[in-house]
Amino acid sequence: MEELSGKVAIITGGGTGIGRGAALMLSEEGCRVVLCGRRKAPLDEALEKINAQGGEGLVVEGDVSEASDVDRLVNTAQDTFGQIDILVNNAGIVGGGHIHKHDIQTWDQVMAVNLRGPFLTSRAVLPLMRARSQGHIINISSESGLEYFQGNGAYGVSKHALNALGEFIQRENQEYGVRVDTICPGMVITEMTQNSSGLDHSKCLYPEDIAELVLWLLTRRANIKIGTPILIRTMENPWT
């Protein structure tokens with residue numbers, strides 16, 4: 001798509017699942033993609049696929065919950081490509097439990113990756129986007145950020161908070177030409193979920209479904225904002 005040709009997209013959690021799907025699709029449309037994640041091997045594999053289809057990108061290994069890693073990610077992207085147009089906050093981890101007996105370490109880890117991470121990455125790119133009066137941030141949240149599933153613990157709370165973070169960023173930056181959209185997928189088959197007990201894969205979403213929605217959001221006219229967090233799920237219950 002002409003709208004995306006030459007643009008630069010940072011995608012966290014870009015080596016697997018939704019992040020990988022979005023990276024491949026945006027690359028096909030002419031984006032230069034910067035893949036970030038904690039595991040280098042899947043990032044390198046995703047980049048090889050991007051290169052094989054004629055795309056351009058780079059890998060930055062790092063943990064989005066660490067401010068120094070985020071600064072290195074954004075500085076590397078800026079130094080290499082000279083601009084940052086798109087940020088896809090996709091990196092996330094699971095962690096649940098009933099609140100009254102939730103493991104504290106798990107709680108802190110989930111909050112660090114799922115909420116602190118998007119805060120740090122957005123905080124780092126926003127000055128660059130504001131200076132150019134353009135930019136688009138897409139947060140990958142969850143149906144758990146709209147519903148209240150018992151025993152969902154830290155994960156559900158982190159995704160509700162991520163939705164709120166996105167709205168604050170939108171309202172604070174829209175006069176500078178920055179858009180923020182939040183996607184709340186239902187059950188998606190990824191490396192993280194594929195072995196879940198009782199899950200019918202034929203009734204689930206796949207990373208490509210979410211990537212197509214990311215692409216659609218990125219190619220709307222600059223003055224268009226798509227309301228509140230977007231729920232995308234299957235019509236049939238994926239759990240047997």
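The values are calculated or read from the model by the stated rules, or taken from the named source; none is laboratory data. Because the structure is a prediction, the values reported are computed rather than measured. Here the Cβ is made from the backbone with ideal geometry for all residues, glycine too, and neighbour counts use every protein chain on show.
What pairs can you find where one residue is in region 51-76 and under 21 Å from residue 129 (Cα atoms) and without any contact (Cβ under 8 Å) to a residue 60 or more places away in the chain, the other is hydroxyl-bearing (Ser, Thr, Tyr) and surrounded by fewer than 22 Cβ atoms within 10 Å (Cβ to Cβ), and their Cβ atoms are less than 8 Å apart, with a gap of 6+ or different chains?
Partner pairs satisfying both residue conditions: 58/76; 58/80; 60/76.
Among the candidates 110, 94, which residue alone is closer than 21 Å to residue 19 by Cβ, touching a Phe, Trp or Tyr at 6+ places or on another chain (Cβ under 7 Å) and not in a loop (DSSP other than H, G, I, E, B)?
Sole residue among the options that is closer than 21 Å to residue 19 by Cβ, touching a Phe, Trp or Tyr at 6+ places or on another chain (Cβ under 7 Å) and not in a loop (DSSP other than H, G, I, E, B): 110.
Taking into account only those residues within region 146-179 that are assigned to a helix (DSSP H, G or I) and of a type in the set (Gly, Ala, Ser), which is nearest to residue 108 (Cα to Cα)?
Of everything passing the filter in region 146-179, 154 is nearest to residue 108 (Cα to Cα).
Taking the criterion of being surrounded by 22 or more Cβ atoms within 10 Å (Cβ to Cβ) and over 15 Å from the mean Cα position of the chain (by Cα), would at least one residue in region 17-31 satisfy it?
Yes, because at least one residue in region 17-31 is surrounded by 22 or more Cβ atoms within 10 Å (Cβ to Cβ) and over 15 Å from the mean Cα position of the chain (by Cα).
Taking region 94-108 as the region of interest, how many residues are without any contact (Cβ under 8 Å) to a residue 40 or more places away in the chain and not acidic (Asp, Glu)?
4
Can you pull out the residues in region 85-112 that are within 15 Å of the chain's Cα centre (by Cα) and either closer than 30 Å to residue 30 by Cβ or exposed (fewer than 15 other Cβ atoms within 10 Å of the Cβ) (or both)?
85, 86, 87, 88, 89, 90, 91, 92 - these are the residues of region 85-112 that are within 15 Å of the chain's Cα centre (by Cα) and either closer than 30 Å to residue 30 by Cβ or exposed (fewer than 15 other Cβ atoms within 10 Å of the Cβ) (or both).
Applying the selection to region 151-170, what residues are among the polar types (S, T, N, Q) and either modelled with pLDDT of 95 or more or within 15 Å of the chain's Cα centre (by Cα) (or both)?
158, 163, 170
Can we say residue 197 is assigned to a loop (DSSP other than H, G, I, E, B) and over 19 Å from residue 137 (Cα atoms)?
Judged against the criteria, residue 197 is a match.
Just one of the numbered conditions (1) over 15 Å from the mean Cα position of the chain (by Cα); (2) of a type in the set (Val, Ile, Thr); (3) closer than 27 Å to residue 177 by Cα is not true of residue 70; which one?
That leaves (1) as the condition not met.
Which of the residues spanning region 197-218 are surrounded by 14 or more Cβ atoms within 10 Å (Cβ to Cβ) and either touching a Cys at 6+ places or on another chain (Cβ under 9 Å) or among the hydroxyl-bearing types (Ser, Thr, Tyr) (or both)?
Hits for region 197-218 are 206, 218.
Report every pair of residues separated by at least 6 positions or lying on different chains whose Cβ atoms are under 9 Å apart, first residue within region 208-234 and touching a residue at least 24 places away in the same chain (Cβ under 8 Å), second of a type in the set (Gly, Ala, Ser) and part of a strand (DSSP E or B).
218/9
Which of (1) surrounded by fewer than 18 Cβ atoms within 10 Å (Cβ to Cβ); (2) part of a loop (DSSP other than H, G, I, E, B) does residue 231 not meet, given it meets every other one?
(2)
Picking from 48, 3, which residue would you name as being in contact (Cβ under 8 Å) with a residue 12 or more places away in the chain and either part of a helix (DSSP H, G or I) or not small (Gly, Ala, Ser) (or both)?
Selected residue: 3, the only one of 48, 3 that is in contact (Cβ under 8 Å) with a residue 12 or more places away in the chain and either part of a helix (DSSP H, G or I) or not small (Gly, Ala, Ser) (or both).
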